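Bear in mind that the values in this text are calculations on the coordinates, not laboratory data. Computed from a predicted model, the values in this text were never measured in an experiment. Every residue, glycine among them, receives a Cβ derived from its backbone with ideal geometry; neighbour counts consider all protein chains shown.
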Amino acid sequence: MALYGFGHSGFFSVVSPTVAEYFGMQSHGALFGIILFFGTIGGAIGPILGGMVFDYSGNYDSAFITLAVLMALGLILVLTLPKTKPQLLRQTEKAQFISRVRAASKRSLMKSNLSSGSSMGRSSFTAQAI
């Protein structure tokens with residue numbers, strides 16, 4: 001049972017960041033929900049199918065062999081996934097995003113200074129005139 005828990009926690013530790021890396025954070029919630037949905041369906045149907053295989057053949061050998069073949073196929077598919085962007089490129093994108101945010105906040109600050117500065121100028125002029 002501890003081995004299963006170790007493997008299951010490893011799955012969640014790897015899948016979530018992988019989904020985020022390949023598809024971005026904007027679609028992460030929806031995609032991770034789809035993954036969990038199909039995992040739940042597999043967890044519900046798998047034991048029933050395994051029991052049917054046992055009823056038909058008298059042992060679980062063919063069920064475990066089928067699962068081993070499917071796992072090997074999944075591993076092959078994962079190994080053929082395209083490589084993600086290098087870390088340097090991601091850092092460049094992050095720097096570009098930060099500079100866009102800074103520029104937008106600077107424009108916003110300038111607008112607020114212009115609007116508040118003009119009223120301050122009038123009030124100080126009025127105070128000097130009195």
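Here are the numbers for the structure shown:
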read-out	value
Candidate aspartates and glutamates - alpha carbon under 14 Å from Lys83, same-chain residues fewer than 8 apart omitted	Glu21
Mean-position separation - Cα centroids, segment 95-114 and segment 1-50, in angstrom	40
Over segment 1-116, equivalent-ellipsoid semi-axes from the Cα gyration tensor in Å	49, 17, 11
Neighbour-count order for Ile35, Ile65, fewest beta carbons within 10 angstrom listed first	Ile65, Ile35
P(r) of segment 1-56 over all Cα-Cα pairs, binned every 10 Å from zero, in whole percent	21, 37, 29, 11, 2
